[in-house]
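The values are calculated or read from the model by the stated rules, or taken from the named source; none is laboratory data. Model, not experiment: these values are computed from the prediction. Cβ coordinates were reconstructed from backbone atoms using ideal geometry, including for glycine residues, and neighbour counts include every protein chain displayed. Only protein heavy atoms, including side chains, enter the accessible area calculation; ligands, DNA and RNA are left aside. Shrake-Rupley method; radii C 1.70, N 1.55, O 1.52, S 1.80 Å.
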Amino acid sequence: MTDHEINRAVQYVTASTSYGRETVAEILKTGFGELSALATQATRRFDRETLLEYVSQWTIKRTGRPEPLVREVLGCAGRWLDDLYDHIARQRPDLLARSLDDENEAESI
C-alpha cells in the first residue's frame, strides 16, 4: 500500500469512529505493515480469516492498545485490508491459496 492509500484509510476510519487520528494511524500502519511483511517472508499458507486474526493479535500486542479498539479500527478499515489481501494474493498466491489437500487434511483432524 502506498502512503496515500494508508492516509485515505486513516481519514476514513477517523471520520467513522471516535478515535483520534494518531491512534488510528498507529493501528493501521502496524496492521498493514505486518500483513505486508508476512506476505514477503512467510512460507506457510493462510486463509483470509486466519491471516486477519493474526494481524489483529499482532497489532494488539505491538501497539499495546485494547483488543476492542484494535478490532474496531481494523474492522472499519476492512475495505483496505481486503484490498491489501487481494494484492498479496496476486503477488504470492502460494501464501494465501489453500489447496484441496489442505482442506481435506483439516477436515480429517
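Would you mind telling me the share, in percent, of accessible area of region 3-94 contributed by carbon and sulfur at probe 1.4 angstrom? For region 3-94, the apolar C and S fraction of the accessible surface comes to 48 percent.
Would you mind working out the accessible area per residue for region 18-65, using a 1.4 Å probe, and quoting it in Å²? Value returned for region 18-65: 58 Å² of accessible area per residue. Using the charge dipole of region 3-94 (Lys, Arg: +1 at Cβ; Asp, Glu: -1 at Cβ; taken about the Cα centre), state which of ASN7, PRO66, LEU81 has its Cα farthest towards the positive end. Result: PRO66. Computed with a 1.4 Å probe on the full set of protein chains, the accessible area for SER56 sits at about 10 Å². So if each residue of separation counts as 0.36 nm, and I subtract the Cα-Cα distance between ASP83 and THR17, what length gain in nm does that give? In short, 21.7 nm is gained.
Sequentially through region 7-16, phi angles give Karplus couplings (6.51, -1.76, 1.60; θ = phi - 60°) of 4, 4, 5, 4, 4, 4, 5, 4, 6, 8 Hz, Gly and Pro residues having no value and appearing as x.
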